[in-house]
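Below is one structure, written out as structure tokens; comments come after it.
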Amino acid sequence: MEHAPSMLSETHTQRILDLANQRGLLRASDLYAIGSPRVILTRMTAAGLLQRVGRGLYRLPGAQLT
């Protein structure tokens, strides 16, 4: 069971990255629809996978907002 949390986080990370690719701008509230906890956003931001652009708003690093 030691590997389950890591695998779970990887699954959530991939779902969030997929959603960010589709939408461009991601709201913290969007995570509810894909079943991912909001704490993953903080971890992904710290890891450089997402960039926080405002309160509850995230995007992929280097992504252009239109």
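The values are calculated or read from the model by the stated rules, or taken from the named source; none is laboratory data. Remember, predicted model here, so these are calculated numbers, not experimental data. Cβ sites come from the backbone with ideal geometry, for glycine too, and all protein chains shown count toward neighbours.
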Q) Got a sec? Which of Leu17, Leu49, Leu26 is assigned to a loop (DSSP other than H, G, I, E, B), surrounded by 15 or more Cβ atoms within 10 Å (Cβ to Cβ) and at pLDDT 90 or above? A) Leu49
Q: Could you check how many residues of region 29-44 are within 15 Å of Asp18 (Cα to Cα) and part of a helix (DSSP H, G or I)?
A: 8
